[in-house]
Amino acid sequence: MKSLCVYCGSNAGARPDYLQAAQQLGQLLAQRQINLVYGGANVGMMGAIANAVISAGGHVTGVIPADLVDKEIAHKNLPDLRVVNSMHERKKLMADLSDGFIALPGGLGTFEEFFEVVTWGQLGFHNKPCGLLNICGYYDKLLDFLDSAVEERLVRAEHRAIILQSSDASELLEQMADYQPPTVEKWLDIRTS
Ligand code: AMP
């Protein structure tokens with residue numbers, strides 16, 4: 001992987017572990033010469049990961065809609081900050097620029113962005129790996145819920161398996177490198193009413 005998209009909170013969260021995990025992932029990406037693609041803000045965990053990559057000598061691409069440049073306090077020291085016209089353009093460009101996607105703990109924006117790329121993978125629009133970096137068990141309940149969606153036959157087990165997970169960044173990167181995309185159709189049974 002040459003370029004990785006990281007979604008994460010625009011807040012720092014309640015635990016110091018979250019910011020620390022963002023910083024550690026940033027250092028790891030810089031060490032491995034993997035370009036960070038992210039939302040271009042200098043707030044919360046988003047700012048923490050970008051600053052960690054820059055401090056460690058790595059490369060960062062920020063992508064931010066013009067409307068959010070002031071609200072999310074766009075990062076002023078990014079050599080590669082792309083200001084786009086809409087949230088849709090932001091998400092498309094971030095996805096196009098990246099070879100894989102990781103979500104650190106985050107809020108509604110993080111969930112939306114991560115699940116969008118997962119569902120694009122489910123539909124076969126891309127074959128790139130998607131992983132949750134599950135710090136302090138933040139995503140445990142979500143992972144349980146996904147398992148229950150499989151039991152309820154509303155998500156295929158093969159599509160549930162698109163979502164890789166680990167509490168350890170290096171381990172998650174290894175899983176992502178070995179990722180095999182699903183080969184099944186999205187629909188469990190096609191019935192018309
Ligand atoms: P959050 O996880 O809510 O702290 O937000 C993290 C990032 O997601 C921020 O850069 C938000 O601008 C972005 N975001 C918020 N809402 C959306 C959305 N509907 N679609 C895509 N990104 C969003």
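Just a few scattered comments:
- Being within 9 Å of the ligand (Cβ to nearest atom), on the phi < 0 side of the Ramachandran plot and either in contact with a Lys or Arg (Cβ under 9 Å, 6 or more places away or on another chain) or open to solvent by 20 Å² or more (accessible area, probe 1.4 Å) (or both) is true of Asn11.
- Failed condition for Gly39, given (1) open to solvent by less than 50 Å² (accessible area, probe 1.4 Å); (2) more than 10 Å from the ligand (Cβ to nearest atom); (3) in contact with a helix residue (DSSP H, G or I) (Cβ under 6 Å, 6 or more places away or on another chain): (2)
- Subset of the stretch 83-112 that is touching a residue at least 60 places away in the same chain (Cβ under 8 Å), within 12 Å of Leu132 (Cα to Cα) and not in a loop (DSSP other than H, G, I, E, B) - its residue that is nearest to the ligand (Cβ to nearest atom): Thr110
- The residues in the stretch 1-40 that are in contact with a Ser or Thr (Cβ under 6 Å, 6 or more places away or on another chain) and of a type in the set (Ser, Thr, Tyr) can be counted, and the count is 2.
- Number of residues in the stretch 58-80 that are open to solvent by 40 Å² or more (accessible area, probe 1.4 Å), more than 15 Å from Ser3 (Cα to Cα) and either outside any loop (DSSP other than H, G, I, E, B) or more than 10 Å from the ligand (Cβ to nearest atom) (or both): the value is 7.
- Qualifying residue in the stretch 133-155 (condition: within 16 Å of the ligand (Cβ to nearest atom), open to solvent by less than 40 Å² (accessible area, probe 1.4 Å) and not aliphatic (A, V, I, L, M)): yes
- Taking the numbered list (1) in contact (Cβ under 8 Å) with a residue 40 or more places away in the chain; (2) more than 13 Å from the ligand (Cβ to nearest atom); (3) open to solvent by 40 Å² or more (accessible area, probe 1.4 Å); (4) part of a helix (DSSP H, G or I) in turn, Gly121 passes all entries but (3).
The values are calculated or read from the model by the stated rules, or taken from the named source; none is laboratory data. Being a predicted model, the structure only gives us computed values, none of them experimental. Heads up, the Cβs are rebuilt from the backbone with ideal geometry, glycines too, and the neighbour counts pull from every protein chain shown. Heavy atoms of the whole protein, side chains included, go into the accessibility calculation; ligands, DNA and RNA do not. Shrake-Rupley method; radii C 1.70, N 1.55, O 1.52, S 1.80 Å.
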